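Engineer: Can you read through this structure? Questions will come right after.
The values are calculated or read from the model by the stated rules, or taken from the named source; none is laboratory data. A quick note: this is a predicted structure, and the numbers were derived from the prediction, not measured. Don't worry about glycine lacking a Cβ; one is built from the backbone with ideal geometry, like all the others, and counts go over all protein chains shown. Note: accessible area is taken over every heavy atom of the protein model, side chains too, but ligands, DNA and RNA are not part of it. Shrake-Rupley method; radii C 1.70, N 1.55, O 1.52, S 1.80 Å.
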Amino acid sequence: MERRTFLTHLSLGATALAAAPLARPTHAAHHPARSPATRGLAEPAFRPLPLGAIQPAGWLQRQVRLQAEGLSGHLDEFWPDVSQSQWFGGRAEGWERAPYWLDGVIPLAWVLDDANLKAKVKRYVDHIVAAQRPDGWYAPYPADASARPYDLWAILLANKVLAQYHEATGDDAVFQAMRRNLEATLAALDRTPLFGWGRFRWFEGLIPVYYAYDRTGEPWLLELAGKLRAQGFDYDGFYAGSDISSPTPRRGLWTWEKHVVNTAMALKAGALAWRLSRREADRQSAARMFKVLDRYHGQVHGLFTGDECLSGRSPTQGTELCAVVEAMYSLEWLLALTGDAAYGDRLERVAFNALPATLAPDMWSHQYDQQVNQVQCTINPDHMWSTNGPESNLFGLEPNYGCCTANLHQGWPKFVAHLWMRTPDDGLALVAYAPSTVRSVVRGQPVHATVDTDYPFRESLRLEVAVEAPVRFPLLLRVPAWADGARLRVAQGRERPLRPGRFHRIERQWTGTTVLELHFPMSANITRRYNQAVALERGPLVYALKLGETWTRVNADKPHRELPHADFEVRPSTPWNYGLLVDEARPENSVRFEARPVGERPFSPEGAGMVAQVRSGGGCRTGSCSTAGRRRFRPSPRPAANRSRN
């Protein structure tokens, strides 16, 4: 069943809203104990900290605050698919869109500790819980589901949302509502096995199932986990075949198994299943998937094309925004489940390049499809997408289709929420880098740690670990694979070298406030890409030619396109067709980097914290390149200019 024909209108009666005050748990309150009853699941390498334990600082705080003041914090005020959702007592869409929005705005509210957003979220979550039927189903689920089958993807998503909310608040009514629905789902799978989106996203259901099992140890939850996997699509089998290597042709056939968002979500499928199966092949599933995707569909920003299905390696093919945020979430889970530092490297590359590139600087509009080589964003009937439409790379409210409008919100706040994690021996791990603070309880003692940095625009990071009483615990620091010559100094001691591509472990007695100084040298790197074009990289950042931009408002007659959430075409106002004159063996000889203050809008052209000066062909001029995530136009892989012509 196609998504575009599935979304039927199901009515929902109004119910009273619960009015209990928000609970404010300590950040140690919901860390699950490993009792004998809960040993049916393998222990992950790390566990995420409770939502709200980590908060952004510096440029990251400004970026997340921009998001809250933009579309994310206001979508429910005017967009019918959320404001009038059946999940909230209305008569509009009653499937994935309202849960998608909550999936992003809940972590947004808690990482910012924003009282207004928290209150808004509470009203909606309380309504979902109050409207739950005695049979365990949420209100949008049809009472006659045997006659009108309901794709369970939205139910899997809603339970993931409620698990997040419970983790943040400790609201037991929310946990019990989720648990009742999981029981209903277990029974329903015998009557109507997974189909459609639920079949291809079965693993998302493991997240709330494991969350409940870690807290109750009830065996039937593992039975539910087993059923979800048994009825779900076999991605390992598909990736062992040959079809995955073939790009979907222009105006080609839309398929479930090559759908780019399903692909991005499924990166974590095997590793999640590993907690139940304990099979090493499951744990390594994502590594095999990335190997195939990088080879046949990979892009310099760390992801793969898909517009809307996997589309090959050409940098003019698109990548859907939903795939960007879902791939980030998958990478966050892969870091937790496997402890493999390489997933942290890739997470940063996606977060600092692919994510901001597809969002307007003010966070009020977005693209459906972004291109790595993108020189205009216009309505184009002669588009090159595999299955998407002519408005796919506009910046707007809901270009092409509204799923990204609902789902874009999770990218930055979940990134914040997964910067730090807990180790199995009750220590802390810093798995991705950005300015942040964390408050936790480690081995019974309160710990407050900060990361003061302008990374990824700078090479240096200053960490402070403060404790109220002496306590011994390990601190693990991820060392990026590209950081040759990485160094660490602890408490003004001797500087020591770090080995790239792994976690560095510090085991010590912490007292008072300890300062740690990290240095990750960033060198220019030139890589050959599709059709022998070259890409300029430095650390986790990819650079793109700086172009002038002309924004033109379009679709003003369409509903809900009032400013600031309007639609725009964007065209270049300066030349873009240059080749690069670079010494590939010694790029430092032909590229000069210039640090600038990181602006109030960190991912706007004027806010670029680092620019590169490089000579270009076609006129032998010196061109300015800024980080690709800051550019609406991204001529990123560039032709290498022929030196004999200049």
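Engineer: Which aspartates and glutamates does K120 reach when only Cα atoms under 13 Å apart count, and residues fewer than 8 places away in its own chain are ignored?
Structural biologist: List returned: D76, E77.
Engineer: When the helices in the chain are scored as -39500 (n - 2.57) per DSSP H run of 4 or longer and the sum is shared across all residues, what 222 nm value do you end up with, to the nearest 500 deg cm²/dmol?
Structural biologist: -9000 deg cm²/dmol
Engineer: Would you mind working out the accessible area per residue for the stretch 478-542, using a 1.4 Å probe, and quoting it in Å²?
Structural biologist: Result: 49 Å² per residue.
Engineer: If r is the Cβ-Cβ distance from W220 to T527 and R0 is 51 Å, what FRET efficiency results, to the nearest 0.05?
Structural biologist: 0.55
Engineer: Give me the percent of accessible area attributable to carbon and sulfur for the chain, probe 1.4 angstrom.
Structural biologist: Solvent-exposed carbon and sulfur of the chain make up 49 percent of the total.
Engineer: Continuing with the same structure: Hey, what's the stretch 239-290 come to in accessible area per residue, 1.4 Å probe, Å²?
Structural biologist: 38 Å²
Engineer: Right, next: For the chain, what is the percent of antiparallel DSSP beta bridges, rounded to the nearest 5?
Structural biologist: Counting only bridges with both partners in the chain, antiparallel ones make up about 95 percent.
Engineer: A further question follows. Using a/c under 1.5 as the rounded threshold, could you call the stretch 259-302 rounded, prolate or oblate? The axes a ≥ b ≥ c are square roots of the C-alpha gyration tensor eigenvalues, and prolate needs a/b larger than b/c, oblate otherwise.
Structural biologist: Here the stretch 259-302 falls in the prolate category.
Engineer: Is the chain best put as rounded, prolate or oblate by its Cα gyration tensor, with a ≥ b ≥ c the root eigenvalues, rounded for a/c under 1.5, and otherwise prolate when a/b is larger than b/c, oblate when not?
Structural biologist: Verdict is oblate for the chain.
Engineer: Let me ask something else. Any chance you could check the Cα centroid distance between the stretch 280-295 and the stretch 303-332 for me, in angstrom?
Structural biologist: The distance from the Cα centre of the stretch 280-295 to that of the stretch 303-332 comes to 16 Å.
Engineer: Given the C-alpha centroids of the stretch 545-603 and the stretch 333-387, what is the distance between them in whole angstrom?
Structural biologist: Going from one Cα centre to the other spans 14 Å.
Engineer: Would you mind pulling out the separation of the Cα centroids of the stretch 458-530 and the stretch 176-251, in Å?
Structural biologist: Rounded to whole Å, the Cα centres lie 38 Å apart.
Engineer: While we're looking at this one, here's another question. Based on the alpha carbon coordinates of the stretch 452-528, what radius of gyration and maximum Cα-Cα distance (Dmax) apply, in Å?
Structural biologist: Cα radius of gyration and Dmax of the stretch 452-528 are 13.9, 52 Å respectively.
Engineer: Another question, then. Compute the Cα gyration tensor for the stretch 57-154, then decide on rounded, prolate or oblate, letting a ≥ b ≥ c be the square roots of its eigenvalues: rounded whenever a/c is under 1.5, prolate when a/b is larger than b/c in the other cases, and oblate in all that remain.
Structural biologist: prolate
Engineer: Which listed residue (A434, A163, Y329) has the Cα farthest towards the positive end of the charge dipole for the chain, taking +1 on Lys and Arg C-beta and -1 on Asp and Glu C-beta about the Cα centre?
Structural biologist: Farthest towards the positive end: A434.
Engineer: Can you tell which of F233, H259, T216 lies farthest toward the positive end of the dipole of the stretch 216-264, using +1 and -1 charges on the Cβ of basic and acidic side chains (Lys, Arg; Asp, Glu)?
Structural biologist: H259
Engineer: Right, next: Dipole size in debye (nearest 20) for the stretch 449-571 around its Cα centre, Lys and Arg Cβ +1, Asp and Glu Cβ -1?
Structural biologist: Dipole about the Cα centre, nearest 20: 580 debye.
Engineer: Just to confirm, what accessible area per residue do you get for the stretch 31-160 at 1.4 Å probe, in whole Å²?
Structural biologist: 29 Å²
Engineer: Once you charge only the Cβ atoms, +1 for Lys and Arg and -1 for Asp and Glu, what is the size of the charge dipole of the stretch 355-462 about its Cα centre, to the nearest 20 debye?
Structural biologist: That gives the stretch 355-462 a dipole magnitude of about 520 debye.
Engineer: While we're looking at this one, here's another question. Taking 51 Å as R0, compute the FRET efficiency from the Cβ-Cβ separation of Q284 and K558 and round it to 0.05.
Structural biologist: Efficiency, from the Cβ-Cβ distance: 0.65.
Engineer: Which FRET efficiency value, to the nearest 0.05, do you get for R496 and R148 by plugging their Cβ-Cβ distance into 1/(1 + (r/R0)^6) with R0 = 45 Å?
Structural biologist: It comes out at approximately 0.10.
Engineer: Of the listed peptides 461-471, 343-353, what is their order by residue-averaged count of other C-beta atoms within 10 Å, with the highest listed first?
Structural biologist: Final packing ranking: 343-353, 461-471.
Engineer: Spelling out what I want: for every residue of the stretch 355-369, take phi, set θ = phi - 60°, compute 6.51 cos²θ - 1.76 cosθ + 1.60 (Karplus), and round to whole Hz; glycine and proline get x.
Structural biologist: Listing the rounded values in order: 5, x, 5, 9, 10, 5, x, 8, 6, 9, 9, 8, 9, 7, 10 Hz.
Engineer: Here's another thing I want to ask about it. About the Cα centre of the chain, what is the dipole size in debye to 20, counting +1 per Lys and Arg Cβ and -1 per Asp and Glu Cβ, all else neutral?
Structural biologist: 1640 debye
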